[in-house]
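For reference, the structure is listed below as structure tokens.
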Amino acid sequence: MLLHDRGHSGRVLHTPAGDAPADAVFAGLIDRLEKNGTLGREEFLYLLRNCRGANLRLLFDRAATVRRKVYGHTIFLRGLIEFTNHCRNNCLYCGIRAGNTRAERYRLSADEILACCRQGYELGFRTFVLQGGEDPGFADEALAAVVRAVKAAYPDTAVTLSVGERSREVYQFFRQAGADRYLLRHETATAAHYRQLHPAGMDWENRMRCLQDLRELGFQTGCGFMVGSPFQRDEELAEELLFLSRFRPEMAGIGPFIPHYQTPFGSYPAGSAEVTLALLAMIRIMLKTVLLPATTALGTLLPDGRERGILAGANVIMPNLSPESVREKYLLYNNKLHTGCEAAEAVEQLKQSLRQIGCEAVIDRGDCRKDFCDV
Ligand code: SF4
């Protein structure tokens, strides 16, 4: 549990300068991870337990090199529209769970969503991510109509949906409406751990079925997990890496767990930003073409978390295009970052901070580079 013992406390990750080489076992495993796109369980555990000093430096250097080889200096921006915070589920970690009667609920209309897209398009966004809880009050037909309207108005954009578990038929309906991508975090690759994070009635097998359906229906599919969620040990993190190496998603959303005070996990400690950065780097080396966001949660824990995420191999940032009036209501966790560069109006500032680390945000749909052989 070495990595977990470091805590997060908003510290900047230190990768001390120095000439000491990485340990030979660690370096050999990184070479094999890059070459073969996977490792064994014990080997992943070795990486997780030895991320320090020169090893960490090697890890970040290699991840940045792989990112540059596949995507150059390009970073993709996605316009995030959090269109409803109603949800029928009760995930134990989530601030907008149905059982949180103190959450202030909202649901955007189709016109409001389209207005966000119009503003985003003018700002240069060419992907819109429509994200919400599993909201029975926002009918599947209504969401499909929004997707059709966005694609008709802005044919050169991609639409990503992130609205949880649905039947295969509904996913197919969304696909036929024109949705290109779907994000569904699996949260944990271990069924027993899933049961610790979710109430009875939510089912890991169904989450996995959803991911499989999405892939088969031709979505660019994204999964993901929280780092440092309650009860997670290094063994569970090794399982995450094994799962990703098998599923090979086009997108992976990896962010630190941050507690929300109105949830059953409100008093649990946050996950580690440092461990999150190390995992981003391992995932970039393993899944070379993956679209990997430097998440808002990372930016919430570290003042320069998103830039650090990019330096650790991430290549996507998702500024918030939701109307200012609702941004504070989509609170999945405490103190969510929603000022400064999180406001789309400050996108220039974000671009500037990316330039300072040698990267360039581009006006592009930012599809996964399937033409690049990733193993
Ligand atoms: S994590 Fe998603 S599915 Fe679970 S309660 Fe929150 S919004 Fe609903």
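Only one of (1) outside any loop (DSSP other than H, G, I, E, B); (2) at pLDDT below 95 is not met by S322, so which one is it?
Result: S322 fails condition (1) only.
Consider only pairs whose beta carbons are under 6 Å apart and that are at least six residues apart or on different chains; among these, list those whose first residue lies in region 290-317 and is of a type in the set (S, T, N, Q) and whose second residue is modelled with pLDDT of 90 or more.
These pairs meet every condition: T295/G255; N315/R67; N315/Y71; N315/I75; N315/L292.
All but one of (1) of a type in the set (A, V, I, L, M); (2) surrounded by 17 or more Cβ atoms within 10 Å (Cβ to Cβ); (3) modelled with pLDDT under 95 hold for A346; state the number of the condition that does not hold.
Of the numbered conditions (1) of a type in the set (A, V, I, L, M); (2) surrounded by 17 or more Cβ atoms within 10 Å (Cβ to Cβ); (3) modelled with pLDDT under 95, the odd one out for A346 is (2).
Determine if region 3-24 includes at least one residue that is under 25 Å from C359 (Cβ atoms), out of contact with any helix residue (DSSP H, G or I) (no Cβ under 9 Å at 6 or more places or on another chain) and at pLDDT 95 or above.
no
Contact list please: Cβ distance under 6 Å, first residue in region 217-235 and in contact (Cβ under 8 Å) with a residue 12 or more places away in the chain, second residue in a loop (DSSP other than H, G, I, E, B) and among the charged types (D, E, K, R), pairs at least six apart or on different chains.
Qualifying pairs under 6 Å: Q220/E250; T221/E250; G224/R185.
Does F83 fit the bill of being more than 16 Å from the ligand (Cβ to nearest atom) and touching a Ser or Thr at 6+ places or on another chain (Cβ under 8 Å)?
On the way: more than 16 Å from the ligand (Cβ to nearest atom): no; touching a Ser or Thr at 6+ places or on another chain (Cβ under 8 Å): yes.
The answer is no for F83.
Which residue is farthest from D213 (Cα to Cα), if the candidates are limited to region 148-162 and must be surrounded by 22 or more Cβ atoms within 10 Å (Cβ to Cβ) and without any contact (Cβ under 8 Å) to a residue 40 or more places away in the chain?
That would be V150.
Within region 89-98, does at least one residue satisfy the condition of being of a type in the set (K, R), crowded, with 17+ Cβ neighbours inside 10 Å and within 16 Å of the ligand (Cβ to nearest atom)?
Taking region 89-98 first, the residues of a type in the set (K, R) are 97.
Those left that are additionally crowded, with 17+ Cβ neighbours inside 10 Å: 97.
From the residues that got through so far, the ones that are within 16 Å of the ligand (Cβ to nearest atom) too are 97.
Checked against the condition, which is being of a type in the set (K, R), crowded, with 17+ Cβ neighbours inside 10 Å and within 16 Å of the ligand (Cβ to nearest atom), region 89-98 yields at least one hit.
Please find, within region 113-137, the residue that is farthest from the ligand (Cβ to nearest atom) out of those that are among the acidic types (D, E) and closer than 25 Å to F219 by Cβ. Working first, answer last.
So the first thing to find is which residues in region 113-137 are among the acidic types (D, E), and the list is 122, 134-135.
Now restrict to residues that are closer than 25 Å to F219 by Cβ: 134-135.
Numbers: E134: 5, D135: 9 Å.
Out of the qualifying residues, it is D135.
G37 passes all but one of (1) out of contact with any strand residue (DSSP E or B) (no Cβ under 6 Å at 6 or more places or on another chain); (2) surrounded by fewer than 18 Cβ atoms within 10 Å (Cβ to Cβ); (3) without any contact (Cβ under 8 Å) to a residue 60 or more places away in the chain; which number fails?
(3)
Could you figure out which of (1) within 20 Å of the chain's Cα centre (by Cα); (2) under 22 Å from C94 (Cβ atoms); (3) among the aromatic types (F, W, Y) isn't true of F138?
That leaves (1) as the condition not met.
Would you mention how many residues in region 51-104 are in contact (Cβ under 8 Å) with a residue 40 or more places away in the chain, polar (S, T, N, Q) and in contact with an Asp or Glu (Cβ under 7 Å, 6 or more places away or on another chain)?
Total satisfying the criteria: 3.
Specify the residue that is surrounded by the fewest Cβ atoms within 10 Å (Cβ to Cβ); the eligible residues are those in region 163-203 that are within 14 Å of the ligand (Cβ to nearest atom) and on the phi > 0 side of the Ramachandran plot.
Only one residue tops the list, namely G201.
Would you point out the residue of region 152-162, among those that are among the hydroxyl-bearing types (S, T, Y) and under 18 Å from the mean Cα position of the chain (by Cα), that is nearest to the ligand (Cβ to nearest atom)?
Taking region 152-162 and keeping what is among the hydroxyl-bearing types (S, T, Y), we get 154, 157, 160, 162.
Within this subset, residues satisfying the condition of being under 18 Å from the mean Cα position of the chain (by Cα) are 160, 162.
On the way: T160: 15, S162: 9 Å.
Only one residue tops the list, namely S162.
Quick grid of which residues meet (1) in contact with a Cys (Cβ under 6 Å, 6 or more places away or on another chain); (2) closer than 29 Å to Q349 by Cβ; (3) more than 16 Å from the ligand (Cβ to nearest atom):
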position	(1), (2), (3)
E42	no, no, yes
L45	no, no, yes
A54	no, no, yes
G72	no, yes, yes
R102	no, no, no
R107	no, no, no
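The values are calculated or read from the model by the stated rules, or taken from the named source; none is laboratory data. This structure is a prediction, so every number in the text was calculated from the model and none was measured. Here Cβ is always computed from backbone atoms with ideal geometry, including for glycine, and neighbour counts include all displayed protein chains.
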